[in-house]
Amino acid sequence: MSALPFRILPLAIALGLTSTPALAQTAPQKSSVSTLAPVTVTGQLGTRSLDRGVAQEKIILKSVPGGTNLVEPQKEIKLTTLNDALAHQPGIVMQEFFGGNDQPRLNIRGSGIQSNPVNRGVLLMQDGLPLNEADGSFVIGFLEPRNASAISIRRGANAGSPAATTLGGELDFRSLTGTEGDVATLEGGSFGRRNVYLGKGFTSEDMDGRMAFSYEKADGYRHHSSSERTVFSSNFGFRNGGFENRTYLSYTDLKFEIPNVTPRDRMHADPRAVSGDYNQQIDRVNNIYRRDPNRESTQFRLANRSHWGTDTLNHTVGVYWQTIDDTFTNPQVSHPTRGHTFGAQWQLAGQVDRLEYRLAFDWSRSDMDRRLYAVNPQNGSRALKFGDYDLQAENRNAMVGLVWHLTPQWQLVGDVKLSQAIRDARNTMTGQKLDQDWSYASPKLGIVWQPSDALRLYANISRSNEAPTYWEIVSGEVPMPMNVNSAVTSLSKLDLQRATTLEIGGAGRIGSGDYAPNWELSLYRSNVRDELMAVSNAMGTGSGTFNYRDRTRHQGVELGLSGSLPGVGDGTFDYRLAYTFSDFTFRGGEYEGNRIAGVPRHLLSAELLYRVGGWRFGPNVRWLASNTPTNHQNVRGTEQDAYTLLGFRIAYEHNKHWSGYLVADNLTDKVYASSYVIRRTATPAMPTFLPGNGRSLMAGLSYRY
């Protein structure tokens, strides 16, 4: 069964090559250098400018020998959460926390899916500069997709940043600039949600600028699940001949309550309930109202990038500084973290005859203080300080990349990243100290064949490496929930998570004309060693991270399909479909033969919109087609059940200024688990699941200046 997906590729290739005579006849005509050279010369290694448009980003991604996504958030009907932007992307698995701007799980090829809260596994970037702290962690709720003109995603080792070496790859949020996003939006809907967004910019011949403000507040579907977020962002750029410079400034204030996990039976009987709503043992021991789990985080960020030169030889330099003030409080332990992160990048890129080259360096450092407090079970206050950590993380990365244009249709792509990751930690209360560092190489070799503009096939082999974050290294828990004096903390000595990945696939257009469908398909297999596994205790609170000391395997299929079909009268049906198959298993050790917990095996999302005049409307579906284990022992009765969610969307654009939308989600009011905690083993009675939102409506009105 596990080999079945890898038999699909020959069929897809044959379909792409032979489905229509037009495609077969086009290939010979595309053999001239003048047609294909711009596709490769401007994209794989060089950077024409700081502010690449969507069209140029598409050209760049075409020369990547692996799976990519290019998301255009501004085309979405509703864009209030990260899931709105990424829901219909192959290879991207989003598992919502409670459906707001909180901490959903973001999973690419199993990256960081074991972390809770999600905090590692991919490199997040803004306009090419990292958003992660230097230890690799991030607060995903800081991301504001409404400020992005595009989200460029390179899955796995296809990542182009010298700082991206993880199994998951990178997501680069390309900022709106100038007057691209001049809009005012008001939104409101179910569960007390109300939002406002304002964006305004200016542009002239040699400079531009933009400012944006957003404020969101919601009461939440479940009890104890309110949230609030304020975001201010701005950027200013200028150009002088061949020199470009852009400065970015942003501030985010994020707050949300955490309803925490609940047992399966209670989820189905009362999905809004939390521990404390009844008078059972779990309610008395883990009363959420009294313990008040929550997260309060702020970030201030200042960044600057410069670019000068030509395609023949160019330089790009970037620097950034960001602060973190993050207090994550679970039902047992409060983790206030404060710190500063500094980073810098330099890239030299150019071309000599048929050879493109790139040399890049990246450096980042975070100085953070993290304290651990046992939570008073009666009133949620900080009852006992049991850890005070001084944390310093540093990364040093160098990258050399080459693209050899063998012919106008064939490219050989290779790069190697050399990295040193440093994670030093000291508990000032006890003097306990653990300094760790890892040096490693992350090479990649790939090939791209593009016989026509309508077909691209690729293959690559790569090596990924991931160092642990401080969420894995520093642990703290209260084994006896009603006794704060049982609190314990420790430092974990961990190894790198390493993986070797083989990938094949392609993308293209079947046939020609307005209704020719677009397809993309990637098949990968990653053999992983020392996988980082974060697990929770019986109450659903994190209890530590370990390296699995035997082999694990991640393999899967990432399939996307989109296009248009003729509709009634002057209308058109626009469709898109994303299917992600994930087959993650233990290949040895104590869980040999079991599925790795936390990743749905079959996930499909699809949308069909009828477009006529200024109207767009139609249904959408999210289908998790099989049960998902929540513990590595794969205990029966503890799985996340399969589910199907139906929605409907209506959007109307009255003129170039006024537009509005109405979105209905979970039309059948399905009770389902949107996410869960992961354990080594479990029983059905344990609190494991986070119920997803019930039936909801959301409406918005926008005015474009």
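Please treat every number below as a calculation from the coordinates, not as lab data. The structure presented is a predicted model; accordingly, all values stated were derived computationally and were not measured. Neighbour counts run over all protein chains shown; Cβ positions are idealised from the backbone, glycine included.
Measuring r between the beta carbons of TRP346 and HIS268 and using R0 = 45 Å, the FRET efficiency lands at 0.25.
For THR688, nonlocal amide neighbours, meaning residues 5 or more places apart or on other chains whose placed amide H falls under 5 Å from its own, are THR262, ARG264. Report the FRET efficiency, 1/(1 + (r/R0)^6), for GLU592 and ARG636, where r is their Cβ-Cβ distance and R0 is 22 Å, rounded to 0.05. The formula returns an efficiency of 0.75 here.
Restricting the calculation to Cα atoms, segment 4-704 yields a radius of gyration followed by a Dmax of 24.7, 76 Å.
With each label modelled as a point 7 angstrom along the Cα→C-beta vector, the ASN483-ARG551 pair spans 4.5 nm. Residue ranges 279-287, 534-542, 224-232 sort as 534-542, 224-232, 279-287 when ordered by packing (mean number of other C-beta atoms within 10 Å per residue, highest first). Each residue, TRP449 and LEU701, gets one label point 7 Å from its Cα in the Cβ direction; the gap between the two is 5.7 nm. Along segment 681-693 the Karplus relation, 6.51 cos²θ - 1.76 cosθ + 1.60 evaluated at θ = phi - 60°, assigns HN-Hα couplings of 8, 7, 10, x, 7, 6, x, 10, 10, 10, x, x, 5 Hz to successive residues, with x for each Gly and Pro. Residue order for LEU50, LEU106, fewest other beta carbons within 10 angstrom first, comes to LEU50, LEU106. Applied to segment 161-167, the Karplus parametrisation 6.51 cos²θ - 1.76 cosθ + 1.60 on θ = phi - 60° returns per-residue 3J(HN,Hα) values of 6, x, 8, 9, 10, 7, 5 Hz, with x for Gly and Pro.
Run the numbers for VAL319 and LYS75: contour at 0.36 nm per residue of separation, minus the present Cα-Cα distance, in nm.
Roughly 84.8 nm would be gained on extension.
Under 16 Å of direct C-alpha separation, and excluding same-chain neighbours fewer than eight residues apart, LYS444 reaches these lysines: LYS417. Here's the list of aspartates and glutamates a cross-link from LYS670 could span, going by alpha-carbon distance under 14 Å and ignoring same-chain residues fewer than 8 apart: ASP270, ASP641.
Note the full-extension length gain between ASP495 and ALA398 as 0.36 nm times their separation in residues minus their Cα-Cα distance, in nm to one decimal.
Stretched fully, the ASP495-ALA398 segment lengthens by 32.8 nm.
Put in order of Cβ neighbour count within 10 Å, fewest first, the listed residues TYR524, TYR251, TYR672, TYR515 become TYR515, TYR251, TYR672, TYR524.
Rg and Dmax of segment 421-572, both derived from C-alpha coordinates alone, stand at 24.0, 76 Å.
Note on LYS58: lysines with a C-alpha under 17 Å away, same-chain residues under 8 apart excluded, are LYS75.
Of the peptides 133-145, 593-605, 426-438, 189-201, the ranking by mean beta-carbon count within 10 Å, highest at the top, reads 133-145, 593-605, 189-201, 426-438.
Between LYS670 and THR428, 0.36 nm times their residue separation minus their Cα-Cα distance comes to what?
Length gained between LYS670 and THR428: 82.2 nm.
Rounded to whole numbers, the Karplus 3J(HN,Hα) couplings from phi for segment 349-358 are 9, x, 8, 10, 6, 8, 10, 9, 9, 8 Hz, using 6.51 cos²θ - 1.76 cosθ + 1.60 with θ = phi - 60°, and x at Gly and Pro.
The convex hull around the C-alpha trace of segment 524-625, projected and averaged over every direction, spans 9.6 square nanometres. Quick one: if you stick a label point 7 Å off each Cα along the C-beta vector at SER49 and ASN655, how many nm between them? Inter-label distance under the simple model: 3.1 nm.
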